[in-house]
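Bear in mind that the values in this text are calculations on the coordinates, not laboratory data. Computed from a prediction, not measured in an experiment: that's the story for all the values here. Cβ atoms come from the backbone with ideal geometry, glycine included; neighbour counts cover every protein chain shown.
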Amino acid sequence: MFLALQDVASAPWFSLDLTGTPDISGAILYCFFTLAVFSFLYKDNPFYKLAEHVFVGLGTAYFTLQYYDEGILQPVYEYLFGEGGVIEKMETSGIVEIGGYSVDPVMALVFRGIAGLLAVMLVMRLFAPNSWMPRLPLAVMVGVYAALKMTGETQSKLVLFVGNMFKDPITNSNLLSWSELTAQPSWRIENWEAFFVFSKIVFFVGLLSALTHFIFTYRRTKVLAGISKVGVITLMITFGAMFGFTVLGRIALLIERVDEMKSYTASAYSLGPAPAAGQDPGVLSLMLTPPILISVIIIAVLALGIGIKKDGRANA
Amino acid sequence: MKRELPILLTVLCGLGITMAFFSSSAGDPDDLPLGWTKAVNSELLAWALVFFSVAFILGISNLVRISLKTISSRGEDWPYKAVMLIVLFGYLGIGLMEIHQQRYGFFGSTEDAVVGIAGQGERAMRDWVYFKVFVPLQATMFSLLAFFIASAAFRAFRARSLESTLLLTAGAVIMLGQVPGGDELTFGYAGRALAFTMTYINGAGQKAIIIGATLGVLATGLRIVLGIERSYLSE
Amino acid sequence: MASVHDFDRRWIFLIMGLLVVGLVAAGISAPMPVSEYVDSYFATIDKLPEGSIVMVSADFDPASAAELLPMYTGTIHHLLAKKMRIVNVCTWPAAPPYTASRFAEIAPMYDAVYGEDWVELGFLPGDDVAMGTIGQSLRSAYPRETKNNMAYDDVPLLRDCGDSMGNIELLITMSAGYPGILEWIAQVGGRYEIELLAGTTAVQTPDLFAFYPSQLSGFLGAATGATQYLQLVDDVAIDGSVTADKETQQSRMLVQTWAHYFMILLIIVGNVIYFTGRKSS
């Protein structure tokens with residue numbers, strides 16, 4: 001996994017214990033599917049197509065299982081019929097707590113029963129795509145989501161947010177200084193007062209002009225167009241920052257992929273004969289590790305494919 | 001009625017959740033004047049959670065239907081579609097067995113199960129396949145973007161106007177400021193420029209975007225909760 | 001003059017690939033300076049009293065694990081080293097295998113007892129709804145924990161949590177996108193006034209500058225943040241248990257440096273070719 005295992009002495013052929021040393025069969029699958037996806041960079045090919053379809057099949061199955069277990073089995077079956085569930089509470093004349101509020105078990109059963117019924121209506125979409133029944137659970141979902149989003153977002157991203165917006169840059173005079181733990185003093189911006197005043201002006205001008213650009217979209221007068229232009233500049237720099245971070249993220253993923261492959265080039269994963277104790281495994285051992293062996297096979301097959309195609313064209 | 005009933009349901013659910021938001025959150029709901037709204041809120045959230053899951057699972061049917069059609073008509077890439085279905089149902093089978101074994105011990109005592117990552121064996125095979133096949137596939141799919149972004153940088157990113165020049169410059173500053181060597185290369189200025197850009201200019205831009213988007217969420221939310229917005233009911 | 005579009009982009013792929021493979025094979029590493037946001041993240045956890053209950057939400061998948069898993073690993077080490085009690089939840093379905101494997105590896109190092117020092121509640125579907133449910137009532141959201149399928153009230157740590165978020169001192173999310181930190185801020189941070197920390201992917205990092213420091217006490221942005229944080233955690237983790245992870249991250253950041261130089265070079269060369277071509281035509 002995350003730990004690079006360059007110095008592994010020996011690896012099992014197959015092991016379900018995922019905290020120990022990764023197994024060789026798993027390493028082969030891991031490297032094959034990684035390299036099969038990378039082969040797309042050359043062109044679309046059977047290895048990539050296989051990887052793509054396995055990904056869709058496996059991904060769909062994995063997510064389905066998670067939703068089935070945590071979204072259906074737990075809140076419906078376990079909630080009603082499980083140990084300490086509503087039915088058991090009904091028999092023992094207990095109380096069911098919903099959101100911390102005490103409710104009679106019969107009421108709880110009725111409520112969740114309605115949910116079950118509506119869920120069945122949703123399934124009706126499979127058999128009668130134009131039926132009105134799936135609209136009811138859909139309506140519940142839309143209502144719940146809309147209200148939850150509206151209340152939560154308005155409070156946190158409008159009311160509290162706007163309040164803090166004017167507070168943060170003014171009260172927090174240390175926003176630009178790096179921590180005391182900074183190893184390189186060059187990363188610090190000295191608490192130079194005039195610079196901070198300038199920074200805050202940049203912030204407020206940028207914020208107000210960008211807001212103006214978003215909100216006052218009608219009849220652009222000269223003044224409004226000027227302010228809007230400053231807003232656009234602020235937004236473009238913001239998008240530039242987002243672009244820079246996106247590059248950072250994508251390259252980080254690539255580096256991790258290559259680093260993971262490197263961890264499987266340890267001699268413990270070599271499919272060749274094990275070297276004698278204390279002896280250098282040698283180049284052959286390295287060539288027979290999953291990442292290199294599979295790379296060679298994929299490249300060879302793709303090259304062979306080009307050769308066959310060229311011959312075919314020549315003969316045609 | 002087929003149209004009015006769903007709208008009524010949306011409005012009732014929306015108002016229920018909104019009411020719970022405004023009732024006091026501190027203290028035991030049993031002792032609060034509007035404590036019952038907490039129960040309504042919690043139950044409605046549980047409903048939405050169930051529907052969300054059912055809707056997701058329904059998505060499989062489409063995938064299976066289209067794939068079966070391609071296989072039966074020997075359409076393009078049909079052998080791959082067959083592999084996809086085998087993987088899908090194979091993994092579903094393993095997963096269902098493990099879930100039911102863990103919860104209800106359908107296949108004998110759970111203690112007989114193989115040792116898995118949590119020492120219980122409850123999701124051993126599922127997780128093995130997940131880490132050995134799904135993880136490399138998904139992680140590598142996304143890492144391909146590094147190559148495409150590099151190609152786009154060469155072929156498409158042009159400093160044609162003031163705005164695009166600023167965008168590219170800001171991107172370059174962030175790229176240099178975020179890595180250890182970039183700061184040294186620019187005599188320590190990349191780190192400072194990064195801090196200034198991110199905190200004050202990006203901060204201003206992001207805040208403006210967030211406020212604009214939230215106003216949109218508020219307006220749309222109000223329209224839905226009050227039953228004015230009905231487009232979600234159209235086929 | 002030839003247009004950049006005539007150039008086979010696979011040459012760029014090849015150079016990029018060779019650059020990264022070559023530098024990863026070299027395996028050189030170098031320390032990084034720590035930024036203020038990372039320092040705040042570290043200090044927020046560090047200042048909490050022993051035994052505080054911290055909720056950690058793993059909201060990521062394999063596509064973002066390269067950036068977020070090191071942060072998650074560092075955070076679990078940090079929390080357990082400081083003897084905090086962890087309630088682990090996931091709002092992304094692909095996260096539970098990661099959290100299970102991390103805890104299985106790290107918890108024994110600190111003699112942490114399941115159910116008392118940490119508990120795994122697993123995945124909860126519904127995105128915003130899941131977060132709303134967790135905030136409203138943890139017991140309703142998770143009637144059972146996920147590892148041993150024990151009832152909520154049979155787990156000592158969950159009993160101490162009670163029903164609401166009131167007893168949870170801090171909420172940390174490893175956020176890869178939607179749902180993630182922005183939704184936690186909306187559904188839980190603001191409503192229940194809980195202090196929040198986040199580790200995020202590079203793509204989401206710029207958004208967080210808008211919430212720091214008032215609504216977000218600190219954050220780890222991208223692989224850079226992960227590296228800086230692991231440098232700090234290395235001093236508090238038991239027996240150098242994160243040193244290897246830290247060095248791996250540091251060496252990856254050095255590769256990242258050269259990849260960024262290459263990207264900037266591509267932009268410059270692409271523009272030079274474009275403008276020279278335009279002038280001559």
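Database remark: amide H of C:Gly122 closer than 5 angstrom to the amide H of C:Cys90, C:Thr146 (H placed geometrically; neighbours at sequence offset of 5 or more, or on other chains; Pro and chain starts carry no H). Remark: the range A:44-133 carries a charge dipole of roughly 360 debye about the Cα centre, counting +1 on each Lys and Arg Cβ and -1 on each Asp and Glu Cβ. Dividing the C-alpha radius of gyration of chain B by 2.2 N^0.38 Å, with N its residue count, gives 1.53.
Here the range B:1-76 is treated as an ellipsoid with the same Cα gyration tensor; its semi-axes, largest first and in whole Å, are 43, 16, 7. Ranking A:Phe81, A:Met121, A:Ser25 by how far each Cα lies toward the positive end of the dipole of chain A (charges on Cβ) leaves A:Met121 at the top. Given Cα pairs under 8 Å that are at least 6 residues apart, what percent is the relative contact order of chain A? Computed value for chain A: 21 percent relative contact order.
Working from label points 7 Å from Cα in the Cα-to-Cβ sense, the A:Arg220 to C:Lys83 distance is 6.3 nm. Using a cutoff of 8 angstrom between alpha carbon atoms and counting only pairs six or more residues apart, the relative contact order for chain B works out to 17 percent. Between A:Val86, A:Val301, A:Val103, the Gaussian network model of chain A with springs among Cα atoms under 10 angstrom shows the greatest mean-square fluctuation at A:Val103. Helices of chain B meeting both criteria, an alpha-carbon length of 20 angstrom or more along the long axis and an average Kyte-Doolittle score not below -0.5, with helices taken as full DSSP H segments, are B:4-22, B:36-72, B:78-104, B:135-155, B:162-177, B:203-225. The share of alpha-carbon pairs in the range A:112-168 lying farther apart than 18 Å comes to 54%. Around the amide H of C:Leu220, modelled in the peptide plane, lie the amide H atoms of C:Ala198, C:Gly199, C:Thr200, all under 5 Å away and 5 or more residues distant in sequence or on another chain. In percent, rounded to a whole number, the relative contact order of chain C is 27, using alpha-carbon pairs under 8 Å and six or more apart. Residues of the range C:241-265 with an amide N closer than 17 Å to a point placed 7 Å from the Cα of C:Phe7 along the Cα-to-Cβ direction: C:259-265.
Put simply, the amide H of C:Leu170, placed in the peptide plane, has neighbours under 5 Å in C:Met55, leaving out anything fewer than 5 places away on its chain. Over chain A, dividing the summed -39,500 (n - 2.57) contributions of all DSSP H runs of at least 4 residues by the number of residues returns a 222 nm mean residue ellipticity of -21500 deg cm²/dmol. Residue-wise HN-Hα couplings along the range A:48-53, as the Karplus relation 6.51 cos²θ - 1.76 cosθ + 1.60 with θ = phi - 60° gives them from phi, are 5, 4, 4, 4, 4, 6 Hz; Gly and Pro carry x.
For chain A, the mean projected area of the C-alpha convex hull, equal to one quarter of the hull surface, is 34.3 nm².
Taken along the Cα-to-beta-carbon direction at a fixed 7 Å, the label points for C:Glu50 and C:Thr243 span 2.5 nm. With a Cα-only, solvent-free Debye model of the range C:96-207, what are the log10 I(q)/I(0) values at q = 0.12, 0.16, 0.18, 0.21 Å⁻¹? These q points yield log10 I(q)/I(0) values of -0.45, -0.81, -1.03, -1.33. Counting beta carbons within 10 Å around each of C:Asp163, C:Asp245 and listing the fewest first gives the order C:Asp163, C:Asp245. Taken over the range C:36-250, the convex hull of the Cα atoms encloses 102 Å³ per residue.
Using the Cβ of B:Val173 as centre and a radius below 14 Å, the other residues enclosed give a net charge of 0, where K and R count +1 and D and E count -1. Legend: translational diffusion of the protein assembly as shown by Stokes-Einstein, Rh = Kirkwood radius over C-alpha pairs, 25 °C, 0.890 mPa s; D = 86 µm²/s.
For the range A:196-316, the fraction of C-alpha pairs more than 22 angstrom apart is 68%. Just how far, in whole angstrom, is the range A:222-262 from the range A:119-156 if you go by their alpha carbon centroids? Using only Cα atoms, the two centres lie 35 Å from each other.
Helix-derived [θ] at 222 nm for chain B: sum -39500 (n - 2.57) over DSSP H runs of at least 4, divide by residue count, nearest 500?
On the way: 9 runs with 163 residues, N = 235.
So the helix-based figure for chain B works out to -23500 deg cm²/dmol.
Could you calculate the contour length gain from B:Leu215 to B:Arg65, that is, 0.36 nm times the residue separation minus the distance between their Cα atoms, to one decimal place in nm? Spell out each step's value before the answer.
Values: separation 150, 0.36 × 150 = 54.00 nm, distance 4.08 nm.
Length difference between fully extended and current span is 49.9 nm.
A simple spin-label model places pseudo-atoms 7 Å from Cα toward Cβ; at A:Ala303 and B:Ser23 they are separated by 7.2 nm. Under the membrane-span-like helix rule (DSSP H runs whose alpha carbons stretch at least 20 Å along the helix axis, mean Kyte-Doolittle hydropathy 0.0 or higher), chain C yields C:10-26, C:62-81, C:243-280.
If you rank B:Glu98, B:Glu4 by fewest surrounding Cβ atoms within 10 Å, what's the result? Intermediate results must be reported in sequence, preceding the final value.
Working: B:Glu98 22, B:Glu4 9.
The most exposed by this proxy come first: B:Glu4, B:Glu98.
In the range C:36-250, what % of DSSP beta bridges are antiparallel (nearest 5)? Show your work: numbers first, answer last.
Numbers: 1 of 30 bridges.
Counting DSSP beta bridges with both partners in the range C:36-250, the antiparallel share is about 5 percent.
Taking the Cβ of C:Ala151 as the centre, find all other residues whose Cβ is under 12 Å away and add up their charges (Lys, Arg: +1; Asp, Glu: -1). Please report the intermediate quantities before stating the final value.
Numbers: positive: C:Arg139, C:Arg144, C:Arg159; negative: A:Glu78, A:Glu83, A:Glu88, C:Glu145, C:Asp153, C:Asp154.
Here the count lands on -3.
Positive-end ranking of C:Thr44, C:Gly74, B:Val225 along the dipole of the protein assembly as shown, with charges on Cβ about the Cα centre, is headed by B:Val225.
As a calculated quantity, the FRET efficiency between C:Ala25 and B:Leu226 at R0 = 35 Å, using C-beta atoms, amounts to about 0.05. Multiplying the residue separation of C:Glu116 and C:Asp235 by 0.36 nm and removing their Cα-Cα distance gives an extension gain of 40.3 nm. The length gained by stretching the chain between A:Lys43 and A:Met107 to full extension, at 0.36 nm per residue less their Cα-Cα distance, is 17.0 nm.
Each residue in C:Thr173, B:Thr37 was given a count of other beta-carbon atoms within 10 angstrom of its own, and listing them fewest first yields B:Thr37, C:Thr173. If you average the alpha carbon positions of the range A:71-111 and of the range B:204-235, how far apart do those two centres end up, in angstrom? About 35 Å separates the Cα centre of the range A:71-111 from the one of the range B:204-235.
Charges were assigned to the Cβ only: +1 to each Lys and Arg, -1 to each Asp and Glu. The resulting dipole of chain C about its Cα centre is roughly 1000 debye. Around the Cα centre of the protein assembly as shown, unit charges on the Cβ atoms of Lys, Arg, Asp and Glu (plus for the first two, minus for the last two) sum to a dipole of about 4180 debye. Mean partner shielding of peptide C:93-106, defined as the number of other chain Cβ atoms within 10 Å of each residue Cβ, is 6. Mean partner shielding of peptide A:33-39, defined as the number of other chain Cβ atoms within 10 Å of each residue Cβ, is 5.
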